[in-house]
Amino acid sequence: MRLYLSSFRLGDHPELLVRMVDSDRPVAVIANAVDEDLGWSRPDAVRSEIEALGDLGLTATEVDLRDYFDASGELPAVLAGFGALWVRGGNAFMLRYAMRRSGADEAIRDLLRRDAIVYAGYSAGPCVLAPSLRGLELCDDPDAVTRVYDAPVEWDGLAVIDYAFVPHVDSPGHPETELVVEVARWYREHNVSHRTLRDGQAIVVDADGSRLV
């Protein structure tokens with residue numbers, strides 16, 4: 001299994017991501033954590049991710065999970081054509097819902113089990129890999145799922161990692177840094193295994209094991 005789980009954007013060591021990815025295969029940008037219209041440009045958000053990956057020499061294109069809602073049989077073959085997924089931040093509950101409804105969650109778990117893809121991303125992207133999303137309601141709005149899709153919230157994570165991922169800790173330039181302190185406190189109070197990262201840091205999982213960089 002290969003993971004590059006960053007607190008914010010590419011982090012301080014993007015060369016480690018590049019090293020894991022087959023440069024002959026494209027990267028799929030998944031931006032469904034920003035599907036709620038909050039008055040800013042979603043296309044610009046996607047474009048910035050594609051450009052950042054392009055600066056690393058990686059070819060990237062968006063895969064919008066909404067295109068595969070209720071058609072989960074199609075998505076596994078689509079994702080299998082990529083060398084890596086780049087799952088950007090935003091609202092973890094919106095991202096998790098899109099993953100379930102599109103079938104991306106099962107497809108991703110299968111691809112990772114077979115070491116057929118690299119899962120990379122930041123903030124909400126790594127957060128949904130935890131066993132549960134409980135506690136994240138202290139920084140992300142779960143009701144966004146109901147507002148946008150008139151659907152219940154998914155509280156179960158993908159359980160790819162066995163701990164909760166807490167980004168943006170001790171990161172004064174990030175607007176959520178104070179909120180995630182409360183998330184980490186909630187995890188401690190409820191005896192939930194978790195890892196905290198400041199912006200610039202990432203957790204890398206590859207053949208050499210797991211490490212914080």
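Just a few scattered comments:
- Residue 51 - accessible surface, heavy atoms, 1.4 Å probe, Å² rounded to 10: 110 Å²
- List 64, 141, ordered by accessible area with a 1.4 Å probe, largest first: 141, 64
- Overall, the accessible surface of the chain at a probe of 1.4 angstrom is composed of carbon and sulfur to the extent of 47 percent.
- MRE, 222 nm, helices only [DSSP H, n ≥ 4, -39500 (n - 2.57), over the chain, to nearest 500]: -9500 deg cm²/dmol
- Residue 198 accessible area, assembled protein chains, probe 1.4 Å, Å²: 110 Å²
- Ranking 185, 134 by solvent-accessible area of protein heavy atoms (1.4 Å probe, all protein chains present), from largest to smallest, gives 134, 185.
- Within a Gaussian network of the chain (alpha carbon springs, distance under 10 Å), most fluctuating of 108, 30, 161: 161
- Potential lengthening between residue 70 and residue 19 on full extension [0.36 nm per residue; Cα-Cα distance subtracted]: 14.9 nm
- Across the alpha-carbon set of region 47-143, the Rg to Rh ratio works out to 0.96, Rh being the Kirkwood radius.
- Radius of gyration, Dmax [region 118-213; alpha carbons; angstrom]: 13.7, 43
- Taking a point 7 Å from the Cα of residue 155 along the Cα-to-Cβ direction, the residues of region 166-190 with backbone N closer than 18 Å to it are 183-184, 186-190.
- Of interest is the spacing of the C-alpha centroids, which for region 12-47 and region 133-200 amounts to 20 Å.
- Accessible area (Å², per residue) of the chain, counting only protein heavy atoms and a probe of 1.4 Å: 44 Å²
- Among 129, 158, 16, the largest mean-square fluctuation in a Gaussian network model of the chain, built with springs joining Cα atoms closer than 10 Å, belongs to 16.
- The fraction of Cα-Cα pairs per 10 angstrom bin, counted from 0 for the chain, comes to 9, 37, 40, 14, 0 percent, rounded to whole percents.
The values are calculated or read from the model by the stated rules, or taken from the named source; none is laboratory data. Everything numeric here is computed off the predicted structure, so don't read it as measured data. Here Cβ is always computed from backbone atoms with ideal geometry, including for glycine, and neighbour counts include all displayed protein chains. Note: accessible area is taken over every heavy atom of the protein model, side chains too, but ligands, DNA and RNA are not part of it. Shrake-Rupley method; radii C 1.70, N 1.55, O 1.52, S 1.80 Å.
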